[in-house]
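S.K.: Pasting a structure here, questions to come.
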Amino acid sequence: MNNEFKILVVDDEKNIVDVVKAYLEKDGFEVVTASDGEAALNIFNNEDIYLIVLDLMMPKITGEEVCNRIRATSSVPIIMLTAKADEDERIEGISIGADDYLTKPFSARELVVRVRALLRRAYRDVAPMADILSFSKGDLEVNIKKMVVKKQGKAVSLTTNEFKVLTILLANPGQVFSREQLVEKAFGMDYEGFDRTVDTYIKNIRHKIEDNPKEPTYITTVYGMGYKFIPS
């Protein structure tokens, strides 16, 4: 299964790239690499990347800026690397869209474990779907591989968690999911959030994909039961 996932490793320290690449390939992943932010964006825009391991301190374009640009159009999982152990630095990384964080020096084995866990959470239950789904004559388009959502031809930015919730609904059109079921399917039984957090995700998704979020046509509420996706 791992060889279905192409991972982009971005770091200007060749020894780190070589070690990370070797460990990931040993675990069965396909790996592409970049030594600066500009090259990373070029690869991401032209290849099907499922997860990014991204260093913060990068030449040409910083890791923060790379993350910001990718998050403007995609919810692809991102693990950030940094030489700084400062709490504010970690918080900043998460706030701009990173899904996980590792401080240098780090264990390559731990990184592989985190990659596997993040991929499981991000792509749970989406494999059976087509690569690109289109609704209402192209009004809404979802690229599953690239984790890109477009509304009327323009990319909208969903967080990784919002994308997970959306893909669970997309994979099961017309099926009603309770909050508890969405939490279990999207995030797993060990998720530390609350059921009501799903309401926030749904609200955010509606604001991004619905013509009128107060009268949604794609994600509807089944009162007393939960939510369902209505394809059209």
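The values are calculated or read from the model by the stated rules, or taken from the named source; none is laboratory data. Not measured: the values here are computed from a predicted model. Virtual Cβ from ideal backbone geometry, glycine too; neighbours counted across all protein chains shown.
S.K.: Name the residues in the range 140-165 that are in contact with a strand residue (DSSP E or B) (Cβ under 9 Å, 6 or more places away or on another chain) and without any contact (Cβ under 8 Å) to a residue 40 or more places away in the chain, would you?
M.R.: Once the filter is applied, which keeps residues that are in contact with a strand residue (DSSP E or B) (Cβ under 9 Å, 6 or more places away or on another chain) and without any contact (Cβ under 8 Å) to a residue 40 or more places away in the chain, the range 140-165 yields GLU141, VAL142, ASN143, ILE144, LYS150, GLN152, GLY153.
S.K.: Just to verify a result, which residue in the range 29-64, among those that are among the β-branched types (Val, Ile, Thr) and under 9 Å from VAL9 (Cα atoms), is nearest to the chain's Cα centre (by Cα)? I'd like the intermediate steps shown before the answer.
M.R.: Just the residues of the range 29-64 that are among the β-branched types (Val, Ile, Thr), to begin with: 31-33, 43, 49, 52-53, 61-62.
Within this subset, residues satisfying the condition of being under 9 Å from VAL9 (Cα atoms) are 31-33, 52-53.
Numbers: VAL31: 17, VAL32: 18, THR33: 19, ILE52: 10, VAL53: 12 Å.
By that ranking, first place goes to ILE52.
S.K.: When you scan the range 159-187, how many residues do you find that are among the aromatic types (Phe, Trp, Tyr) and in a helix (DSSP H, G or I)?
M.R.: At the first step, the residues of the range 159-187 found to be among the aromatic types (Phe, Trp, Tyr) are 163, 177, 187.
Checking which are in a helix (DSSP H, G or I) leaves us with 163, 187.
The number of residues fulfilling the criteria is 2.
S.K.: Given the criterion assigned to a helix (DSSP H, G or I), of a type in the set (A, V, I, L, M), under 28 Å from PHE177 (Cβ atoms) and modelled with pLDDT of 85 or more, identify the matching residue among VAL115, VAL76.
M.R.: On the way: VAL76 fails: assigned to a helix (DSSP H, G or I).
Unique residue meeting the criteria: VAL115.
S.K.: From the set of residues in the range 140-160 that are of a type outside the set (A, V, I, L, M) and under 10 Å from LYS208 (Cα atoms), which is surrounded by the fewest Cβ atoms within 10 Å (Cβ to Cβ)? Give the derivation first.
M.R.: Here is the first cut: in the range 140-160, the ones of a type outside the set (A, V, I, L, M) are 141, 143, 145-146, 150-154, 157, 159-160.
With under 10 Å from LYS208 (Cα atoms) added as a condition, the list becomes 150-151, 157.
On the way: LYS150: 18, LYS151: 14, SER157: 17.
Residue satisfying both the conditions and the ranking: LYS151.
S.K.: Could I ask something else about it? From the set of residues in the range 4-21 that are among the aliphatic types (A, V, I, L, M), touching a residue at least 60 places away in the same chain (Cβ under 8 Å) and more than 15 Å from ARG116 (Cβ to Cβ), which is surrounded by the most Cβ atoms within 10 Å (Cβ to Cβ)? Write out each step before concluding.
M.R.: Residues of the range 4-21 among the aliphatic types (A, V, I, L, M): 7-10, 16-17, 19-20.
Add one more test, that the residue is touching a residue at least 60 places away in the same chain (Cβ under 8 Å), and what stays is 7, 16, 19-20.
Narrowing further to those that are more than 15 Å from ARG116 (Cβ to Cβ): 16, 19.
Numbers: ILE16: 18, VAL19: 15.
Here the residue is ILE16.
S.K.: What number of residues in the range 119-158 are within 21 Å of PHE44 (Cα to Cα), assigned to a loop (DSSP other than H, G, I, E, B) and at pLDDT 85 or above?
M.R.: Step one: filter the range 119-158 for residues within 21 Å of PHE44 (Cα to Cα), giving 119-123, 126-127, 130-133, 141-151, 153-158.
Then keep just the ones that are assigned to a loop (DSSP other than H, G, I, E, B); that gives 123, 126-127, 130-131, 144-147, 153, 157-158.
If we keep only those that are at pLDDT 85 or above too, we end up with 153, 157-158.
Selection size over the range 119-158: 3.
S.K.: Follow-up question, since we're still on this one. Among the numbered criteria (1) at pLDDT 90 or above; (2) surrounded by 15 or more Cβ atoms within 10 Å (Cβ to Cβ); (3) small (Gly, Ala, Ser), which single criterion is violated by ALA98?
M.R.: Just one mismatch for ALA98, condition (1).
S.K.: Sort through GLU47, GLU25, GLU64 and tell me the only one that's touching a Lys or Arg at 6+ places or on another chain (Cβ under 9 Å) and either closer than 15 Å to THR82 by Cα or loosely packed, with under 15 Cβ neighbours inside 10 Å (or both). Walk me through how you get there before you give the answer.
M.R.: Values: GLU25 fails: touching a Lys or Arg at 6+ places or on another chain (Cβ under 9 Å); GLU64 fails: touching a Lys or Arg at 6+ places or on another chain (Cβ under 9 Å).
The conditions single out GLU47.
S.K.: Which numbered condition trips up ILE43, out of (1) in a helix (DSSP H, G or I); (2) of a type in the set (A, V, I, L, M, F, W, C); (3) farther than 21 Å from SER157 by Cα?
M.R.: (3)
S.K.: In addition: Enumerate the pairs (first residue in the range 28-41 and more than 13 Å from MET58 (Cβ to Cβ) and touching a residue at least 12 places away in the same chain (Cβ under 8 Å); second residue anywhere and among the hydrophobic types (A, V, I, L, M, F, W, C) and surrounded by fewer than 18 Cβ atoms within 10 Å (Cβ to Cβ)) with beta-carbon separation below 6 Å, excluding pairs fewer than 6 apart on the same chain, so at least 6 apart or on different chains.
M.R.: These pairs meet every condition: VAL32/ILE43.
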